[in-house]
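Undergrad: I have a structure here, written as structure tokens, and I will follow up with some questions on it.
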Amino acid sequence: MPALPPRAAVPAATPRGGSCACATGRRARRFAGAAAALALAALASPASAQSVLDRSRAAYAALESYEDEGVVTVEQGTPGAVAVERHSFRTLYRSPRNFLLDFIKAGGGERLVIWCDGGDFQSWWSATGVHTVHSGGRGTVAFATAVYPTSGAAYQIPPLLFPAARMYGPVAGLEEAREEGVEEVNGRRTHRISGVARGHFGSARPITIWIDAESLLVVRILEDTPEGMPAGQIQRITTTLQPRANPELADERFRFVPPSQHRPAGGRP
């Protein structure tokens, strides 16, 4: 009897549904990648940035009280020859109008204070020795005239605390806002938002703001070199803050007595 030919090798069976499972896994990975890309795109969209800004402004407007300690770092010069100054300030606020901004220049040699203990807003600047009472609803003048002496500290947070006054400020008036992502600042998760501020200056100034993702309070503001400056010129101001929402603030913390030798301007001595 002739020998039977050898049996052909039978290929191993593919587990039932295996190819389907692999395809499903690939589709899931592609879907997850697409979803992540869409999420990042949404995070960087103008609509997302504007939403964060609007919620932050609303959070400030709803505060019963506020307190911060801040540092203003001013950099001026050219690459390799940049002069740096660091000034300090603190802000107190209690709704509806109790307020104090106490700014001290680097070295402690110059001080500017704006305060209101429920009456008129007042200001005092050690460089001039002038104490001014801003009566007749002219409280915004105290802030406008303090922008330069305080390296901008007077127009960062106050416009957010007094939105009805419609004061200008880089945060309150940021244009072309765009979210750059989420970044950790001092151990806190923040939204990093870029844009430009024009205000009273005409030329645009690039601005970056870091807003705490939980409290929606501003923790850092970078005002970069304005457009139109000479090539290579650096003029940068960074304001860092440690804000507290709704602290208990006693009446006496809003009182300030200027040196007695200076008579107030705009009010009775």
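Read-outs throughout are calculated quantities, based only on the coordinates presented, and are distinct from any laboratory measurement. Just so it is clear, the model here is predicted, and its values are computed rather than measured. Virtual Cβ from ideal backbone geometry, glycine too; neighbours counted across all protein chains shown.
Undergrad: Using 0.36 nm per residue, how much length does the chain from residue 73 to residue 214 gain when fully extended, once their Cα-Cα distance is taken away? Don't jump to the answer; show the numbers that get you there.
TA: Details: separation 141, 0.36 × 141 = 50.76 nm, distance 2.55 nm.
The residue 73-residue 214 span can extend by a further 48.2 nm.
Undergrad: Between residue 51 and residue 111, what length in nm is gained on full extension when 0.36 nm per residue of separation is reduced by their alpha carbon distance?
TA: Value of the extension gain: 17.9 nm.
Undergrad: Note down the nm distance, to one decimal, between modelled labels 7 Å out along Cα→Cβ at residue 235 and at residue 84.
TA: Inter-label distance under the simple model: 2.1 nm.
Undergrad: Okay, moving on. Report the gain in length on full extension from residue 180 to residue 250: 0.36 nm times residue separation, minus Cα-Cα distance, nm rounded to one decimal.
TA: 21.3 nm
Undergrad: Sort 223, 176 so the one with the fewest other Cβ atoms within 10 Å of its own Cβ comes first. List each step's numbers first, then the result.
TA: Details: 223 22, 176 14.
Ordered from fewest to most neighbouring Cβ atoms within 10 Å, 223, 176 come out as 176, 223.
Undergrad: Rounded to the nearest 5, what % of the DSSP beta bridges within region 46-265 are antiparallel ones?
TA: In region 46-265, approximately 95 percent of DSSP beta bridges are antiparallel ones.
Undergrad: With a bin width of 5 angstrom, please list the P(r) values of region 46-265 as percents of all Cα-Cα pairs, from the 0 bin to the one holding the largest distance.
TA: 1, 7, 14, 19, 20, 17, 12, 7, 3, 1, 0
Undergrad: Still on this structure, please answer the following. Give me 194, 56 sorted ascending by neighbouring Cβ count inside 10 Å, so fewest comes first.
TA: So the residues, fewest neighbours to most, are 194, 56.
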